[in-house]
Protein chains: 2
Amino acid sequence: MPEISIKGTTMPESPIRKLVPYADIATKKGKKIYYLNIGQPDIETPKKAIEAVKKTDLDILAYSPSQGFESYREKLANYYQRSGLSISANDLIVTTGGSEALLFAMGCITDPGDEVIIPEPFYANYNGFATASGVTVKAVQSKIEDNFALPPISEFEKLITDKTKAILVCNPGNPTGYLYTEDEINQLADLAIKYDLFILADEVYREFAYDGAVHHSIMSVERLHNHAIMIDSVSKRYSMCGARIGCLASKNKAFMAAAMKFAQARLSPPTFAQIAAEAATETPDEYFNEVIDEYVHRRNTLIEGLKDIEGIKIAVPKGAFYCTVDLPIEDAEDFAKWLLSDFDFDGETVMVAPAGGFYSTEGAGKSQIRIAYVLNINALKRAIKILKKALDVYPKS
Amino acid sequence: MPEISIKGTTMPESPIRKLVPYADIATKKGKKIYYLNIGQPDIETPKKAIEAVKKTDLDILAYSPSQGFESYREKLANYYQRSGLSISANDLIVTTGGSEALLFAMGCITDPGDEVIIPEPFYANYNGFATASGVTVKAVQSKIEDNFALPPISEFEKLITDKTKAILVCNPGNPTGYLYTEDEINQLADLAIKYDLFILADEVYREFAYDGAVHHSIMSVERLHNHAIMIDSVSKRYSMCGARIGCLASKNKAFMAAAMKFAQARLSPPTFAQIAAEAATETPDEYFNEVIDEYVHRRNTLIEGLKDIEGIKIAVPKGAFYCTVDLPIEDAEDFAKWLLSDFDFDGETVMVAPAGGFYSTEGAGKSQIRIAYVLNINALKRAIKILKKALDVYPKS
């Protein structure tokens, strides 16, 4: 029998997927599970986006251009311009989700064996895309005590070698909820220019900035135009994760020409979903205001509910809809499994993401979990209550 | 400025994309172009598939499971069972087009530097997926004089090294239109077992077999179950290229487990398109009968129209909707450009794909073109007439 080679077997498993068998146990036992582990929002997709697809009148569901429909790229550019970014339709390639945008970007700027530096904890699938591209991830640790702010630039500099091609950041952060300040973005820009590196900025949560904080896009730094690559997606912005529409934005023409070859090799992004995404660009600001009010309410409810747990550390999120907390336990993965397989409170339990899988450094974040506050307020309150009860009775050793 | 690394710049450009600037010239000059260069069928998508999407009643366009909707995989498995293949829903991963299925397969079974053997000419984007996966393509030449039948197995054996992980075939072939016989599939199976290789079979044209010929799927060979990986797609079958729904099928559990990690890293295939693809599985046989009758009529019209060109060699296609012909000219790429930029017949011209780009061997296929017979009969007749006129006046040196 042919041996499956290293690449396929070393492809890392998502920290959440590991829990699926335990969730199955909980379900078999008839427990109700509150899912705090996944970033699938319960917010409604703008009706206009769904309606646009239902109103289509197609005889042939044909390929779109590899770069994406021009009409969509125009409206998307316009959306960025409204938030002050000078991005034109030609600076954009429509991709199949932010995932594909990341794969294209890594494919274009690295050769197998090259390195990308990422502040950890980071979105676990970055490991998967790096493995698929043969790229080595080097991690700089950010600290829960600083709410996961940008680590000192000197820490990045220690890791830079001939093989370093880029620094990848997620802003606002998954799983941290941290929103980089203008000063931090400028520090990254200076670093990129000093060492001739790309900055890959995953800004899929760009709309989700709270408490009056402003999102500073990597594309807003003019001196960085040849170094900046933005990854974006409509998944979270319009709660349309299933569309699988993202984009790649850059002013670097050589990069975009290389990325177009990747885009052409896979022919085109999905047609129906582009129609939905195009219509979604016309979503009025009130939609976001309501959504953001709701998330702020949820975040506040979560923080309020958690803060009196003895020994807890909370990184208060300023964006996205994740909160990483350090629990007074030793092994969050064991705790997460135990919640599903052994614990219940009146027949109910919660599923959380152990944060260790969001770290690249072995053993880091072992007592941390990521909570996605994507449930409505009542469900969230109940989930917090269950989590607290669980911590009370969880066997400490 | 950061340098774009080798990988991005060595990503091969599609042989068809190279012609786009020349097509722009033709359009600017006001010429009408008959497109014989692309595999975008003019056949209508089954109405049921489009209607299923229009009838959806979704509040949230959510992620589907990474493996694809179970309901779709069940119906897809049933479709394969109807054509005699023992494929179950668990042997399938739904992908974003056949393209992604190929990328996953290459990612799972190779490490950078590994080799895949492919009979040439082959679908040009295989080069792109190989480059993206860091894989080296080794080509075995098939011959137009044999209608591009499977080359002798001894030719494959000459290329097998420690780095060889798989043999990739397209059946029926793009750009050849060749349909492998049962004997040829068995020869490949013996080879794979002898050397412990995977057979990757791109069967996206599996429905398009003509003249009573039967398609022999790689999945039909029972002794090959651990070695066989099938790539499929709904793009051509139901003329829904823009859906971007394909699949990966294999009975090799270790391979499927590795492929699931790739699937999980990119979260899910598109939701709307899966709804369309699921409905499409209920397309009645009459749809295919009509479509196949139409393609046979087109193929016959094409062959009839071309055969009296002096010095032409035609590989008569038994499947798919491509025909590769050798023209009495030196450089088909130059000819294809000239057709667009310098030639017209009553204000009309044709766009063809130079076949050199479908060969991996430098200089091979230089006088060949691929014709996609995806136009209706009248347009096809006119296009052939224009092509003949062009060959009459094309400056021979």
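Looking across the range A:375-397, the residues that are surrounded by fewer than 19 Cβ atoms within 10 Å (Cβ to Cβ) and of a type in the set (Val, Ile, Thr) come down to A:377, A:393. Any residue at all in the range B:178-200 that is over 18 Å from residue B:97 (Cα atoms), surrounded by 22 or more Cβ atoms within 10 Å (Cβ to Cβ) and not hydrophobic (A, V, I, L, M, F, W, C)? Yes, the conditions are met somewhere in the range B:178-200.
Within the option set B:198, B:129, B:122, being over 18 Å from residue B:219 (Cα atoms), in the same structural domain as residue B:213 (by TED's automatic domain parsing) and touching a residue at least 60 places away in the same chain (Cβ under 8 Å) holds for one residue only, B:122. Pairing each residue of the range A:27-51 that is under 19 Å from residue A:98 (Cα atoms) with any residue that is among the aromatic types (Phe, Trp, Tyr), provided the two are 6+ apart or on different chains, yields C-beta distances under 9 Å for A:38/B:63; A:39/A:321; A:39/A:322; A:40/B:63; A:41/A:295; A:41/A:321; A:45/A:238; A:49/A:238. I'd like to check something: does the range B:66-82 contain any residue that is within 14 Å of another protein chain (Cβ to nearest Cβ) and among the small types (Gly, Ala, Ser)? So far as the range B:66-82 goes, yes, one or more of its residues are within 14 Å of another protein chain (Cβ to nearest Cβ) and among the small types (Gly, Ala, Ser). In the range B:271-312, the residue that is farthest from the other protein chains (Cβ to nearest Cβ) out of those that are more than 30 Å from residue B:36 (Cβ to Cβ) and of a type in the set (Asp, Glu) is B:282. Taking the condition surrounded by fewer than 23 Cβ atoms within 10 Å (Cβ to Cβ) and either at pLDDT 95 or above or outside the structural domain of residue A:227 (by TED's automatic domain parsing) (or both), does residue A:83 pass? So residue A:83 does not fit the description; no.
Here the range B:88-105 is the region considered, the condition is being in contact with a helix residue (DSSP H, G or I) (Cβ under 6 Å, 6 or more places away or on another chain) and either of a type outside the set (Val, Ile, Thr) or surrounded by fewer than 23 Cβ atoms within 10 Å (Cβ to Cβ) (or both), and the residue that is farthest from residue A:263 (Cα to Cα) is B:88. Within the range A:222-270, take every residue that is among the small types (Gly, Ala, Ser) and within 7 Å of chain B (Cβ to nearest Cβ) and give me the one that is surrounded by the most Cβ atoms within 10 Å (Cβ to Cβ). Looking at the filtered set, the residue picked out is A:243.
For residue B:167, the stated conditions hold: it is buried (at least 23 other Cβ atoms within 10 Å of the Cβ) and modelled with pLDDT of 95 or more.
Annotation: of all residues in the range B:362-373 being touching a helix residue (DSSP H, G or I) at 6+ places or on another chain (Cβ under 8 Å) and among the aliphatic types (A, V, I, L, M), the one that is surrounded by the fewest Cβ atoms within 10 Å (Cβ to Cβ) is B:364. Output yes when any residue across the range B:177-191 is in contact (Cβ under 8 Å) with a residue 24 or more places away in the chain, within 30 Å of residue A:12 (Cα to Cα) and touching a helix residue (DSSP H, G or I) at 6+ places or on another chain (Cβ under 9 Å), and no when none is. No, because not a single residue in the range B:177-191 is in contact (Cβ under 8 Å) with a residue 24 or more places away in the chain, within 30 Å of residue A:12 (Cα to Cα) and touching a helix residue (DSSP H, G or I) at 6+ places or on another chain (Cβ under 9 Å). Check the range B:311-322 and report whether any residue there is hydroxyl-bearing (Ser, Thr, Tyr) and either under 30 Å from residue A:103 (Cβ atoms) or part of a loop (DSSP other than H, G, I, E, B) (or both). Looking through the range B:311-322, at least one residue is hydroxyl-bearing (Ser, Thr, Tyr) and either under 30 Å from residue A:103 (Cβ atoms) or part of a loop (DSSP other than H, G, I, E, B) (or both).
Scanning the range B:64-87 for residues that are closer than 30 Å to residue B:147 by Cβ and touching a helix residue (DSSP H, G or I) at 6+ places or on another chain (Cβ under 6 Å) yields a total of 2. Name the single residue that is modelled with the highest pLDDT among those in the range A:2-20 being part of a helix (DSSP H, G or I) and at the interface with another protein chain (Cβ under 7 Å from one of its Cβ atoms). Among residues in the range A:2-20 that are part of a helix (DSSP H, G or I) and at the interface with another protein chain (Cβ under 7 Å from one of its Cβ atoms), the one modelled with the highest pLDDT is A:17.
Out of the residues in the range B:273-312 that are buried (at least 17 other Cβ atoms within 10 Å of the Cβ) and among the aromatic types (Phe, Trp, Tyr), state the one that is farthest from residue B:390 (Cα to Cα). Going through the qualifying residues, I end up with B:287.
Residue count for the range A:57-75, restricted to those that are surrounded by 14 or more Cβ atoms within 10 Å (Cβ to Cβ) and part of a loop (DSSP other than H, G, I, E, B): 11. Flag: residue B:31 matches the condition of being more than 9 Å from chain A (Cβ to nearest Cβ), in contact with a strand residue (DSSP E or B) (Cβ under 9 Å, 6 or more places away or on another chain), among the basic types (Lys, Arg) and surrounded by 18 or more Cβ atoms within 10 Å (Cβ to Cβ).
Checking each residue in the range A:40-56 for being part of a helix (DSSP H, G or I) and at the interface with another protein chain (Cβ under 8 Å from one of its Cβ atoms) picks out A:49, A:50, A:53, A:54.
Exactly one residue out of A:59, A:111 is among the acidic types (Asp, Glu), under 27 Å from residue B:112 (Cα atoms) and facing chain B (nearest Cβ under 7 Å): that is A:111.
The values are calculated or read from the model by the stated rules, or taken from the named source; none is laboratory data. In this text the structure is predicted, and so the values were computed from the model without any measurement. With ideal geometry, Cβ positions are generated from the backbone for all residues, glycine too; neighbour counts draw on all protein chains shown.
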